[in-house]
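Participant: After the structure tokens below, expect a handful of questions from me.
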Amino acid sequence: MATDTSSPMDRFCGSTFWNATETWWTKDPDFTPCFEQTALVWTPCAFYWVFVIFDFYYLKASLDRNIPWNKLNVSKALVNLGLLVITALDLIMALIKKGGDSELPLYDLDIWGPIIKFATFLLLFIFIPLNRKYGVQTTGCQFIFWFLLTVLSIPRCRTEVRLDSERQKILDSQQPSDQDFSWEEYQFVSFFIFFTFTSIMLILNCFADGLPRQTKYQRGENEIPELSASFLSRITYMWFDKMALKGYRNPLEEKDLWDLRPQDSCSEVMPIFAHHWNQNVRKNYRNKARVEPKAQFSNGNVTFENPHGEKNGRKKGMASIMPPIYKSFGGVFLFGALMKLFTDVLTFAQPQVLSLIISFVEAQEAEPEWKGILYAVLLFVLAAAQTFILGQYFHRMFIVGLRIRTALINAIYRKALRISNSTKKESTVGEIVNLMAVDAQRFMELTTYLNMIWSAPLQIALALYFLWQQLGPSVLAGLAVMIILIPVNGVIASRIKTYQIRQMKYKDERVKLMNEVLSGIKVLKLYAWEPSFEKQVLDIRDKEIATLRSTAYLNAGTSFLWSCAPFLVSLVTFATYVLIDENNVLDATKTFVSLSLFNILRFPLTMLPMLITNLVQTQVSVNRINKFLNSEELDPNSVLHDSSKPHPMSIENGEFSWGDEITLRNINIEVKKNSLVALVGTVGSGKSSVVQAFLGEMEKLAGVVNTVGKLAYVPQQAWIQNATVRDNILFGQTYDRKRYNKVIDACALRADIDILSAGDLTEIGEKGINLSGGQKQRISLARAVYSDADLYLLDDPLSAVDSHVGKHIFEEVIGPKGILARKSRVLVTHGVTFLPQVDSIYVMKMGEISESGTFDQLVKNKGAFADFIIQHLQDGNEEEEELNQIKRQISSTGDVPELLGTVEKAIKLARTESLSDSISVTSADSLMGGGGSLRRRTKRQDSHDSVASAASLKKKQEVQGKLIETEKSQTGGVEFAVYKHYIKSVGIFLSVATLVLNFVFQAFQIGSNLWLTQWANDQNVANDTGLRDMYLGVYGAFGFGQVCSYIGSVVIVYLGALIGTRKIFIQLFGHILHAPQAFFDLKPRARILDRLANDIYKLDVVLPELIRVFNSQIFRVLATIVVISLSTPIFLAVIVPIAFLYYFAQRFYVATSRQLMRLESVSRSPIYSHFSETVTGASTIRAYNVGDRFIEESDAKVDKNQVCKYPSVIANRWLAIRLEMVGNLIILFASLFAVLGGQTNPGLVGLSVSYALQVTQTLNWLVRMSSDIETNIVSVERIKEYGETKQEAPWELEQDKNKPKNWPQEGRVEFQNFQVRYREGLDLVLRGVSFNIKGGEKVGIVGRTGAGKSSLTLALFRIIEAAGGRISIDGVDIASMGLHMLRSRLTIIPQDPVLFSGSLRINLDPFEIKTDDEIWKALELSHLKSFVKSLAAGLNHEIAEGGENLSVGQRQLVCLARALLRKTKVLVLDEATAAVDLETDDLIQKTIRTEFKECTVLTIAHRLNTILDSDKVIVLDKGQITEFASPTELLDNPKSAFYSMAKDANLV
């Protein structure tokens, strides 16, 4: 055998271990048998022994148990057993054949080889039952092990087959040989059995095991397939295919989504986080190791400790959320970091392989072809490995982000339920909600990038190291350029930010103004004022556009830095390199390896600045969350529950504060069992505070508070949840029909529930928006009554309801005969009426109890209580009968004359008021269901319970009561017409110009790179500096071309987009102003505003950016294809199938992802609204002690949001993996063809491969951008839809110009058989009305509601167009003139005075055509002169939105002043119903009689006395004229309708 110069491995095998000539320097490479049997087998084994720790971890972490035996795991066990047998047999055979006296020597390999394999297989075998027992369905380590083992055994297959054929040759050669091949034969057979078994194991490991029998959480049929997906399916995300397909076929809905993975749900994440948080809190206390803080609020198994501890514990510092986060989620994060490190290293392996490929092409003749193929495949394998690992890395990071967000949201939620009032004062509800919405969200966005903190510097360092190897110190020049660019970028970014703030300010102004225009659109139409307001809006819009234009230039700057930085850097570096030293020559390897390294550098350098700002923001968030989580909590021990005390509720010597000065002192109250105690006192005397003290909401400074039993609490301001009426009353308890109906009737809610569209299943908006104050208060009371508690704290529940309802509630619920008669009750009240019926009264004054006792005792005392009653009676808001009751009560107590006097006065006052009130009282009585309706009520109860009929009824009611159109949400793709519309708005020229410039830019870029290859390949440069300088110069010129074309293309995109969006806005706004009134009745204002604000914002800011990136990326891909095809034309053959793959992935993704994003944003807001609701209602939640239920609700909402969020995260990964594989294929084919295609130009090869290396990222971006463009171009679609609505008649017509300036001169108005309806398809509201009014006549129009009075005026102004007949003024048909011509020549004083924000002057004269004198004259006549004179700004006084800073009367007078300024021949007076007090009304009437003497005046009257002196009266009924004569004539005829109206009004 060989001499002893051999290596230990050679001795171990008994043959050569490594032979370079046989393996590398040959046309036909092969490994030595020794290498195949050691290195290639032991590598997988070593891998498994190192990583087996992960398998143990998965066993420990598994939530499931007990997978049943099935075909798969039985097969695994059997095959594994087979491998064990074969390996053991190898060892035995070796000992038999080679050991002992056999002539074959026995080497170490023959013994150790089988032993190592046997040990590894045994370990794997043990894991089969273990994984079964612990419910682990698939493991990655085992898959990778079998994969490696199978792949690495392939070389030995080849060797064995060769040796066998050689043996056959020897045996066939008929030469008698005494060689014994039995050992070799055995090895041949045993190896192939081994190889077959490993291949089978690999295939078996591609599938996941069956479902476990025991799971910690119920697995629904909707369970996420990932849980039972195999490792292979997990790394390729094949399990997501179903969802992608479903989303592609039709838009996804909520029911299509999978359940959440149990490990990500609140119930799994929270206990871990809480455990670490509590540890952290305890650590923060010195000398308090023994006593744990008492504040433990438990929910399930999650208890959060109060970081405030007891007051005396000396506090070390704030407990921070960071350590618990590291401890809870750090493991997954570290594993991710490990993956990141791996991919970073792989990234830098690529340029090394590239340099190998280039040198292979340079030495084409000398090198065997297989090396080239090896390099190409190696490049592909590196790229693919990177793809898979990165996919897992991002996935892991997203999960960590989601879990951190879950943990923080829940921690914040639980904390919010127990913060003390002083903490609550420090921040608004909005700020607390922001902690959840903004700060917790921030973490999630950060986790993906967090590893860049170490990864970016590492990448930069490695890149510089490899660059230094290529180019030496001249790298520093390039680095300098990069470093200089960072602050430049920063400066530009801060400028952009200031512009953005300015633009947002203009946007807000514009939206506010548009909002007012839309809310006052009817008035604008009546006055023909649209052009003035259109101009105002467009002026603001122009300022906004100017700001956007400046931003566009700056944006062009940043994107230029982004795109051209790599070029500048390479230019500077190469120039420095060739100019420092004559001997420095650029060759292909240097050039292209450096270029690809520069490309790698680009990413970390741009990421770092972004990351740093993100980190700073997150640090701010951390501090805010810490401050909140460390704030003071309510002391749960301030209220005792000691049942040995005599009374269920008591306070002894209590002193309380709201966190600053003492609010209540010397409080002694006891509430006996089943008694009713009233707290009375003036406003601010501390009544509510006593209730809060009982609840433990106040800070107790001294004394004892004791409550025994279940509490119910009715706060002063009702707290209503965004749920159905029934849910608000049940408040988490089960529905008991009899009790429920009893409560509803007692709380006088029956009538209200009948009015609501879906009965008690009607949903109430946020903060009870669709209920009146009284209804909210009664629902709040019903909740308390239904809860059936022992103790009731009622904080003034009767203040918000009418007096008769209050009386009903006191009798039925609170009083001695009410439902609550057997409970202990504390009632805070302002009403005197009920006091005689309570058991005892405590009178509060200045935070102390001034006196207490029964009603009679207190009246006799003549103390604070008597004063209270006197003061109360003087306010005079009691009913007569109630006062009589009080009078009887007081007189029965005897000697209190002055009190009686006050009562008498109050009774007189009440009598005079009740006359004017009589109408309202009767209607209210019927609403209460007076005497005879009891029978009806019981009947109704039964119908109430049949839910089915309620549902059908609800549908019917919804259809009947539906005025507002529902909004169509776009699903599916966007039509081409939309794109066409947008391109048209931008302008064909600019659109083409961008494309051309982008094309030119790419052409320059390819040109400069081709020039580089030319330079690198030119052998003469080494000796000729002139030639070198020429190359450098041209390279620089190409660069200059790139810069110019790029900046041009970017600026044009932005400016084009702005031109487009400006046009689109003017069109849209004009269109909306020209829309008929019906349009505004059908569409809610918010929706129209959304078009004008959000959609326009998207066109202004979002779209141009997307289009720019999309353009540059698409040309980049084309450039890549061009370059690769230049160097290897055969590549074009592969591009078609690759393009197909790409297209499919993209279509599937866009459809699914878009819908997932929509679902996610819909499911996110409930978390926050539920939270803000909780914060507002925290005291109620605590009083009823239902905190745990609310925490569960919040958890459920967070989980539901995760359900939508998780698939959209996966969709991103799914796409990324598929696209990157497409990119990797491009890399593979580009490098393979370069190597095989006999391409001799090393420069071109380097170029094409370095382009291919970048293509993956570009493709990824391209899909993201195209899907984003599709999502945002929807805005154009929505705007386009509004731009195609029906318009009203034209404003101006040519023939209007010939009409005289002062038309109409006489003011004759004539209706001829006039008919009108509000909208197509509705009934006529005026049916053939004819009458004739002479010039200057005064006419009153009367009729019941809905008779068509208002329609008459609307028709006169052509707000609604005629359906038949005609109206003429001064003999001219009004339908034949422009709307503005008509409307500006009539005057109207509308029913509700609408004012716009802006100066008073603009409100009177928006076109600014009147002189100051005229305006002052008008103000004087409308009795506003003195008021305006008293204002500092006079006519320029700013009026608030909707005229909020003027009284209603003043607003009405401003409308009068408008009319006086116009003063046309025809005046329409739409009388204000109730807005105006009598005084103002008289003023207006007087002015009109004097100033409009000459004019025709049409008055729509609601009060008859205003029109009794008019010339004629028109009585309308159901759209027809029933009477038309002078008022005296009609009053003389007792049969006339007018007479009966006058009689009702007590005028006759």
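The values are calculated or read from the model by the stated rules, or taken from the named source; none is laboratory data. Nothing here was measured: the structure is a model prediction, and the numbers come from that model. Here the Cβ is made from the backbone with ideal geometry for all residues, glycine too, and neighbour counts use every protein chain on show. Side chains are part of the model used for accessible areas, which takes the heavy atoms of the whole protein and leaves out ligands, DNA and RNA. Shrake-Rupley method; radii C 1.70, N 1.55, O 1.52, S 1.80 Å.
Participant: Once the piece of chain linking Phe388 and Ser803 is laid out straight, how much longer is it, given 0.36 nm per residue of separation minus the C-alpha distance between them? The partial results should precede the final answer.
Facilitator: On the way: separation 415, 0.36 × 415 = 149.40 nm, distance 7.31 nm.
Going from the current span to full extension adds 142.1 nm.
Participant: Let me ask something else. Between region 763-836 and region 106-166, how far is it from one alpha carbon centroid to the other, in angstrom?
Facilitator: So the separation of the two Cα centres works out to 78 Å.
Participant: Still on this model: With a 10 Å radius around each residue's Cβ, average the other Cβ atoms per peptide and rank 346-355, 743-752, highest first. Mind showing how you got there, number by number?
Facilitator: Numbers: 346-355: 20.1, 743-752: 21.6.
In descending order of packing, they fall as 743-752, 346-355.
Participant: I would also like to ask the following. If I fit a long axis through the Cα atoms of helix 322-362 and take the longest principal axis of the Cα atoms of the chain, what angle between them do I get, 0 to 90°, rounded to 10?
Facilitator: 50 degrees
Participant: Which order do Asp172, Asp1470, Asp1373 take when ranked by solvent-accessible area (1.4 Å probe, heavy atoms of all protein chains), largest first? Don't jump to the answer; show the numbers that get you there.
Facilitator: Values: Asp172 100, Asp1470 20, Asp1373 45 Å².
Greatest to least solvent exposure: Asp172, Asp1373, Asp1470.
Participant: What fraction of the DSSP beta bridges in the chain is antiparallel, stated in percent and rounded to the nearest 5?
Facilitator: In the chain, DSSP labels about 55 percent of beta bridges as antiparallel.
Participant: Only Lys, Arg, Asp and Glu count, each charged at its Cβ (+1, +1, -1, -1), so figure out the dipole size of the chain about its Cα centre, rounded to 20 debye. Before the final figure, lay out each step's value.
Facilitator: Values: 164 positive and 162 negative charges, 459 e Å.
Taking the Cα centre of the chain as origin, the dipole is about 2200 debye.
Participant: Using alpha-carbon pairs under 8 Å, 6+ residues apart, how would you state the relative contact order of the chain in percent?
Facilitator: Worked out over the chain, it gives 10 percent.
Participant: Which ³J(HN,Hα) values, rounded to whole Hz and listed in residue order, are derived for region 504-520 from phi using the Karplus coefficients 6.51, -1.76 and 1.60 in 6.51 cos²θ - 1.76 cosθ + 1.60 with θ = phi - 60°, glycine and proline given as x?
Facilitator: Ordered by residue, 3J(HN,Hα) equals 4, 5, 4, 4, 4, 4, 5, 5, 4, 5, 5, 4, 5, 4, 5, 6, x Hz.
Participant: Using only the Cα atoms, what convex hull volume per residue in Å³ does region 382-477 have?
Facilitator: On the way: hull volume 13.1 nm³, N = 96.
Here the figure is 136 Å³ per residue.
Participant: Between Gln352 and Gln179, take the C-beta separation as r, use R0 = 51 Å, and let me know the FRET efficiency to the nearest 0.05. Don't skip to the end; give the middle numbers.
Facilitator: Working: r = 47 Å, r/R0 = 0.92.
Efficiency computed from Cβ-Cβ geometry: 0.65.
Participant: Which cross-chain or sequence-distant (5 or more) residues have an amide H under 5 Å from the amide H of Arg1308, H modelled 1.01 Å from N in plane?
Facilitator: Gly1335, Asp1370
Participant: Can you compute the modelled spin-label distance between Glu1292 and Ala1133, with each label point 7 Å from Cα toward Cβ, in nm?
Facilitator: Spacing of the two 7 Å Cα→Cβ label points: 7.0 nm.
Participant: If amide H atoms are built 1.01 Å from N in the plane of the peptide, which residues on other chains or at least 5 residues away come under 5 Å of the amide H of Phe1357?
Facilitator: none
Participant: Along the charge dipole of the chain, pointing to its positive end and built from +1/-1 on Cβ of Lys, Arg, Asp and Glu, which listed residue (Gln837, Leu338, Tyr465) has its Cα farthest out?
Facilitator: About the Cα centre, the residue reaching furthest to the positive side is Gln837.
Participant: Would you calculate the separation in nanometres between label points at Phe342 and Ile373, each defined as 7 Å from the Cα along the Cα-to-beta-carbon direction?
Facilitator: 2.9 nm
Participant: May I ask you to list the lysines whose Cα is less than 17 Å away from that of Lys1535, ignoring any residue fewer than eight positions away on the same chain?
Facilitator: The qualifying lysines are Lys1543.
Participant: Give me the one-decimal Kirkwood hydrodynamic radius in Å for region 733-882, with the sum taken over alpha-carbon pairs.
Facilitator: Kirkwood radius, region 733-882: 17.0 Å.
Participant: Counting only residues 5 or more places away or on other chains, whose amide H sits under 5 Å from the amide H of Thr1499 once H atoms are built in the peptide plane?
Facilitator: When sequence neighbours closer than 5 places are left aside, the close amide H contacts are Val1339, Gly1340, Ile1341, Leu1469.
Participant: Still on this structure: If the reach is capped at under 20 angstrom between alpha carbons, list the lysines near Lys27, excluding any in the same chain fewer than eight residues apart.
Facilitator: Lys27 reaches Lys371.
Participant: By per-residue mean of other Cβ atoms within 10 Å, what is the highest-first order of 779-788, 24-33, 274-283, 985-994? Numbers along the way, then the final one.
Facilitator: Values: 779-788: 24.4, 24-33: 13.5, 274-283: 18.8, 985-994: 16.3.
The peptides rank, most packed first, as 779-788, 274-283, 985-994, 24-33.
Participant: Taking only C-alpha pairs under 8 Å that are 6+ residues apart, what is the relative contact order of region 833-873 in percent?
Facilitator: Once normalised by length, the contact order is 29 percent.
Participant: Charges only on Cβ, +1 for Lys and Arg, -1 for Asp and Glu: so what's the dipole of region 361-520 about the Cα centre, in debye to the nearest 20?
Facilitator: Values: 17 positive and 11 negative charges, 271 e Å.
With Lys and Arg at +1 and Asp and Glu at -1, about 1300 debye.
Participant: Can you give the net charge of the other residues whose Cβ lies under 15 Å from the Cβ of Asn250, counting K and R as +1 and D and E as -1? Don't skip to the answer; put the middle values down first.
Facilitator: Details: positive: Lys242, Lys246, Arg249, Lys255, Arg1147, Arg1154, Arg1158; negative: Glu253, Glu254, Asp256.
So the environment of Asn250 carries a net charge of +4.
Participant: Does anyone have the angle between helix 530-580 and the longest principal axis of the chain? Alpha-carbon axes, 0 to 90°, nearest 10?
Facilitator: Result, in degrees: 20.
Participant: I've got another one for you. Rg and Dmax of region 1013-1112, using alpha carbons, in Å: what are they?
Facilitator: 25.8, 85
Participant: Can you give me the relative contact order of region 1437-1547 as a percent, contacts being Cα pairs under 8 Å and 6 or more apart?
Facilitator: Relative contact order of region 1437-1547: 18 percent.
Participant: Sticking with this structure for a sec: Lys/Arg Cβ at +1, Asp/Glu Cβ at -1, dipole of region 1259-1374 taken about the Cα centre: which of Ile1374, Val1329, Pro1304 is farthest positive-ward?
Facilitator: Val1329
Participant: Past 32 Å, Cα to Cα, is the threshold; run Lys133/Lys415; Lys60/Lys627; Lys522/Lys1334; Lys1098/Lys1286; Lys1425/Lys1465 against it and keep the listed order. Intermediate values should be presented prior to the final figure.
Facilitator: On the way: Lys133/Lys415 40 Å; Lys60/Lys627 36 Å; Lys522/Lys1334 28 Å; Lys1098/Lys1286 25 Å; Lys1425/Lys1465 25 Å.
Going by Cα-Cα distance, Lys133/Lys415; Lys60/Lys627 fall outside the 32 Å limit.
Participant: While we're on this one: So which cysteines of the chain have no other cysteine's Cβ under 4.7 Å from theirs?
Facilitator: Here Cys45, Cys141, Cys157, Cys206, Cys266, Cys564, Cys747, Cys1044, Cys1204, Cys1455, Cys1495 come out as lacking a disulfide-compatible partner, given the Cβ-Cβ threshold of under 4.7 Å.
Participant: Given points 7 Å out from each Cα along the Cα-Cβ axis, report the Gln500 to Tyr735 separation in nanometres with one decimal.
Facilitator: That separation, rounded to one decimal, is 4.9 nm.
Participant: Another one. Compute the acute angle (0 to 90°) between the alpha-carbon long axis of helix 934-945 and the principal axis of greatest extent of the alpha-carbon atoms of the chain; round to the nearest 10°.
Facilitator: The helix 934-945 is inclined about 10 degrees to the chain.
Participant: Taking every Cα atom in the chain, find the radius of gyration and the maximum pairwise distance Dmax, and write them in Å.
Facilitator: 43.4, 150
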